[in-house]
Each structure stands twice: as structure tokens, then as C-alpha cells.
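Since the structure comes first, as C-alpha cells, the remarks are kept for the end.
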Amino acid sequence: MASDQLWGGIVKAMTRKIEVPRMGAGDNIRSTIADLEGDAEARDKVRIPGGRRRVDPSEDAIAAAPSVATREEAINRIAAQLGYVAPKVVDEYMAHHGGEAGVVARRMAALGLLPSPPTGGSSFWWNAITEGHADTELMAEVLRSAPGMPQHRPVSGLLFDFLLDAEVGGYREVKNANEKAVREGRRLLEVLVEDGTLTEARAADLGAEFFGLRRRRGKRWEIDADAVGTLSVELSKAFDAVPMKGGDEGDATTLLVVDDPGPILLETLKRLTGREVRLLLDTATKFVELQAAWTEAAIEARSKVKRRSSSRANTGGT
């Protein structure tokens, strides 16, 4: 599990990107973050000027992420922090998707961890580390659930092995699909559906079983356009998650997903909102349909908020 410092830093960065639920424009965001992060001493250890994550150099734990001198050292440390992939896998993934237009950059930008749009070409991920926007612990969490990375769950092992045990095609079929998923930055189940090895419904059932998620069936759960204050459009696209409502949420945030989006989104949302996060899983086609509808509704909801704020400003707040 990543360190509290990491989550606290991301929570701070995310408040620059999205509005904390139940907070109006006049509320003090800094005081809310102080409550989330704890006492003053703990807050002083995590600073993010311009979206950058800074860690007190006096920290001795691995979470303090001491600087790395070479790319090879960074790759080795990221693999070690993930704990279930070889450095070669991380190196290959970064070669394909660690550039300024790749999934790593998109996720970091959506989380508010970059002070400006991603730059650096194919060396983006390494530049992000050397320039202080990220450390190897953060990079490991960004990669943990990234499309194309080997998917792992402590109680289930690797998805690759799970699918072989479930007799989903032959070894060669699954291996080729896995290699294609890494190259193209796509999910293994998605590639197996495209190759005709699985139907979408079967892939969704297997994904729900592997990740331990609830399957969305029927029309009970609908998109929650009011949740734009909980999840930004950028985060929805970067992590493939859509806020939903179905009448029995209680004190929880419900997200529709196509697989587990990982702790970097779930843990920080939980700390940001003070609410538990529940996940529903649906087929890729249905997810894309609902994400498009939610995105349109969320953009309109955000526009209404801006129009109201502008109107209040023009009338002197009356």
C-alpha cells in the first residue's frame, strides 16, 4: 500500500482540478485539505507548488522516494514497488506509453500533478521524475491499473493466469492478446473480445469475478450528472470511471468502470470526499455509451455553475 504522504499529496493536487462536494466557491479549500491531511507537521511534509509533489528529504522510509540517478534505477524501483512485474515489463510499457501523449501523462495531468501540459516527447515519464513532478512511488501507482499493464489482484494473482485457469482460449491466444495489450495500451479482456476469443458479456463477467466487483444489470443504475464535483471529466477519461446513482448509495460514491481503476483514484477520492467508493462493472460498449452521456451532462452542469457565478459577480453577489 502506498504511503499516506502520497495520498495526501494527490488529494491536494486534485483540489486544483475538481470541486470538493458540498463546498461552495466561497469555502476555504485549504482548511478542508488541512482536515483531510491531519496536523500541521504532517501537512508541512507534503507541498505541491504549481501541482508538483514535494516530500521532506528528511524522511527515511521508501515512501519518501529518494532521488534516482538513472532510468534503469527508476524502472527497477517502480517494478519493486508494484511487486508483481519484472523491470523489463515496466521498461517496455514506458517505452510505448510513457511519453507526453501516453496514458501516464494523461493520468498525471488529470490528477493535477503537472504544472503545465505534458512535454518532453517520449521521455516525459523520466523528465517528470527528474523535474520533481513525481517520484517512483507515484509512478508505480499511476501504472498499477493503467491499460496495457499486467492486471493483478492479491487474492486472484495475475489476470493472465486467471484467464488460463478459466480456459479462455489457448495459451498462445492469451499470450498474443497480452502482448498486443501492452503495445497498444489496452486492456487484455478488451483485446480478447476484439480477437473473437470472448464475447463482451463473458468478458464483463470474468472481469467482475477477477476484480471482485458487482455487475451492473438492467437500468437501475443511471449516470449521476450532479457528481461533476466529485469526478472531473478529465479524471473520468483518464481512469475510465463514471459516477452513477441508483437509489441506495447511502454515504458512498458509486462509479461505473470496466475494471478496477486502482487505489490512485479510489483512495484519493475517498480521502477527498470522506465517503466510501463503490464500483460497478459493465460491458465496454455500455460503458462507452454511458461515459459519453455523463460527459455531456457534466460539461453542461459545469457550464451552469459558471454562468451562475458570473451572474452573481455581475450583480455584486445579490
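The values are calculated or read from the model by the stated rules, or taken from the named source; none is laboratory data. Note that the structure is predicted; figures quoted are calculated from it, not measured. Don't worry about glycine lacking a Cβ; one is built from the backbone with ideal geometry, like all the others, and counts go over all protein chains shown. These accessible areas exclude ligands, DNA and RNA; they are computed on the full protein's heavy atoms, side chains included. Shrake-Rupley method; radii C 1.70, N 1.55, O 1.52, S 1.80 Å.
Normalised Debye scattering of the stretch 75-117 at q = 0.13, 0.18, 0.25, 0.34 Å⁻¹ gives log10 I(q)/I(0) of -0.32, -0.58, -0.86, -1.02, counting only Cα atoms as equal scatterers and leaving out solvent. Here the convex hull built on the C-alpha positions of the stretch 126-265 has a volume of 142 cubic angstrom per residue. Of the GluC sites (Glu not before Pro) in the stretch 112-147, the ones in a loop by DSSP (not H, G, I, E or B) with at most 15 other beta carbons within 10 Å are E131.
Only Lys, Arg, Asp and Glu carry charge here, each on its Cβ (+1 for the first two, -1 for the last two); on that basis the stretch 179-293 has a dipole of about 140 debye about its Cα centre. Using Cα positions and a limit of under 22 Å, work out the lysines in reach of K245, with same-chain residues fewer than 8 apart set aside. Result set, ordered by chain and number: K219, K237, K270, K286, K304.
Taking the inverse of the mean reciprocal distance over all distinct Cα pairs, the Kirkwood hydrodynamic radius of the stretch 261-306 comes to 12.6 Å.
For S3, the solvent-accessible surface computed with a 1.4 Å probe is close to 20 Å², ligands and nucleic acids excluded.
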